[in-house]
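This report concerns only the one structure given below.
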Amino acid sequence: MYYLATISDEVRIPPSRFNEKLEDVAFDSLRSTYEGVVIKGLGIIVAILEVKVSPVGKIVPGDGASYHRVKFEALVYAPVEGEVVEGEVVEVVDFGAFVRIGPIDGLIHISQVADDYISYDKKKGELLCKQTRRKLSKGDDVRARVVTVSMAGMRLSDVKVGLTMRQPFLGKLEWIVEDLKKEKAPAKVKEK
């Protein structure tokens, strides 16, 4: 889920940038500090949007920089258990598929791809469904549900998201369209 968060902090303005606009320097500093960082209880900071800087700063002995209070808006992504997401398959491996959802990749374990026996074709890099003959490959667009979320550290690589496609109206988008067409098709009656 994406949302906007308002965060307060203090930013260091180095003496080499005193001649620049205060908001621009603060914006650059906040971007390098926050973007791509995981904050527990908040989520992943995707982008810094608006920055308001106090024009009055303080100087710390031994440091020629000035320190200013800032309040800024950040675009945050936080995966939520039960949320339905759409993304692109970025890698297929023998144990499942990695799907790009927002700024991170989630894993669809091979057991969560479909209600079918799934095998891995190493040469083609595809997951194959035995009964339906459906294939899941790199570049496919899918719809999945978030089933587990772990945000253990402060780096993007520390975020682990587990996904499933074993529910109605989830899966490769082409599969969903095929299933909807089958539901709408009139039932054929055999004559005796």
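Looking at Val46, Val60, Pro14, which one has the Cα that reaches farthest to the positive end of the dipole of the chain (charges on Cβ: Lys, Arg +1; Asp, Glu -1)?
It is Val46.
Could you give the size of the charge dipole of the chain about its Cα centre, using +1 on the Cβ of each K and R and -1 on the Cβ of each D and E, expressed in debye and rounded to the nearest 20?
Working: 30 positive and 29 negative charges, 155 e Å.
My answer is approximately 740 debye.
Kindly write out, for segment 139-146 in residue order, the coupling ³J(HN,Hα) from the Karplus curve 6.51 cos²θ - 1.76 cosθ + 1.60 (θ = phi - 60°), rounded to whole Hz, with x marking Gly and Pro.
Computed from phi, the couplings for segment 139-146 are x, 6, 8, 9, 10, 9, 10, 6 Hz.
Counting only residues 5 or more places away or on other chains, whose amide H sits under 5 Å from the amide H of Ser66 once H atoms are built in the peptide plane?
Result for Ser66 returns Ile13.
May I ask you to derive the FRET efficiency for Asp141 and Tyr3 from their Cβ-Cβ distance with R0 = 25 Å, giving the value to the nearest 0.05?
0.60
Just one of (i) 17.9; (ii) 17.0; (iii) 19.8 is Kirkwood radius over Cα pairs in Å calculated from these coordinates, so which is it?
(iii)
Taking every pair of Cα atoms in segment 1-81, average 1/r, invert it to obtain the Kirkwood radius, and report Rg/Rh to two decimals. Please report the intermediate quantities before stating the final value.
Working: Rg = 13.9 Å, Rh = 13.4 Å.
My calculation of the ratio gives 1.04.
Placing unit charges on C-beta atoms (Lys and Arg positive, Asp and Glu negative, everything else neutral), compute the dipole magnitude of segment 84-183 about its Cα centre in debye, rounded to 20.
Working: 17 positive and 16 negative charges, 38 e Å.
In total the dipole reaches around 180 debye.
To the nearest 20 Debye, how big is the dipole of segment 81-130 about its Cα centre, given +1 on the beta carbon of each Lys and Arg and -1 on that of each Asp and Glu? Before the final figure, lay out each step's value.
Working: 5 positive and 11 negative charges, 65 e Å.
My answer is approximately 320 debye.
Once phi is turned into θ = phi - 60°, what whole-Hz ³J(HN,Hα) does the Karplus curve with 6.51, -1.76 and 1.60 give for every residue of segment 65-77, x standing for Gly and Pro?
7, 10, 10, 10, 6, 10, 10, 9, 9, 10, 7, 10, 10
For the chain, modelled as a GNM with alpha-carbon contacts under 10 angstrom, which of Pro14, Pro61, Pro79 fluctuates the most?
Top of the fluctuation ranking is Pro61.
Calculate, axis by axis, the spread of Cα positions in segment 84-183 along the three principal axes, and write the results as whole Å, longest axis first.
Dimensions of segment 84-183 along the principal axes of its Cα atoms: 44, 31, 20 Å.
What value, in deg cm²/dmol to 500, does the helix sum -39500 (n - 2.57) over DSSP H runs of n ≥ 4 give at 222 nm once divided by the residues of the chain?
Values: 2 runs with 25 residues, N = 192.
The per-residue figure over the chain is -4000 deg cm²/dmol.
With label points built 7 Å along Cα→Cβ from the Cα atoms of Lys40 and Glu174, find their separation and express it in nm.
Placing both labels 7 Å along Cα→Cβ, they lie 4.4 nm apart.
Any chance you could run the full-extension gain for Lys71 through Met154? It's 0.36 nm times the residue separation minus the Cα-Cα distance, nm to one decimal.
Values: separation 83, 0.36 × 83 = 29.88 nm, distance 2.11 nm.
Length difference between fully extended and current span is 27.8 nm.
How far is it, in nm, from the label point at Tyr117 to the one at Glu83 when both lie 7 Å from their Cα along the line to the Cβ?
Distance between the two pseudo-spin positions: 3.7 nm.
Could you give me the ³J(HN,Hα) list for segment 99-111, computed from phi with Karplus coefficients 6.51, -1.76, 1.60 and θ = phi - 60°, whole Hz, x at Gly and Pro?
10, 7, 10, x, x, 10, 10, x, 10, 9, 4, 4, 6
Among the trypsin sites (Lys or Arg not before Pro) within segment 138-185, which fall in a DSSP loop and have no more than 15 other Cβ atoms within 10 Å of their own Cβ?
Working: sites: Lys138, Arg143, Arg145, Arg155, Lys160, Arg166, Lys172, Lys181, Lys182, Lys184; in loops: Lys138, Arg155, Arg166.
Answer by residue number: Lys138, Arg155.
Coordinate-derived values only; no laboratory data. Fair warning: this is a prediction, and the values are worked out from it, not measured in the lab. Positions of Cβ are backbone-derived with ideal geometry, glycine not excepted, and every protein chain shown enters the neighbour counts.
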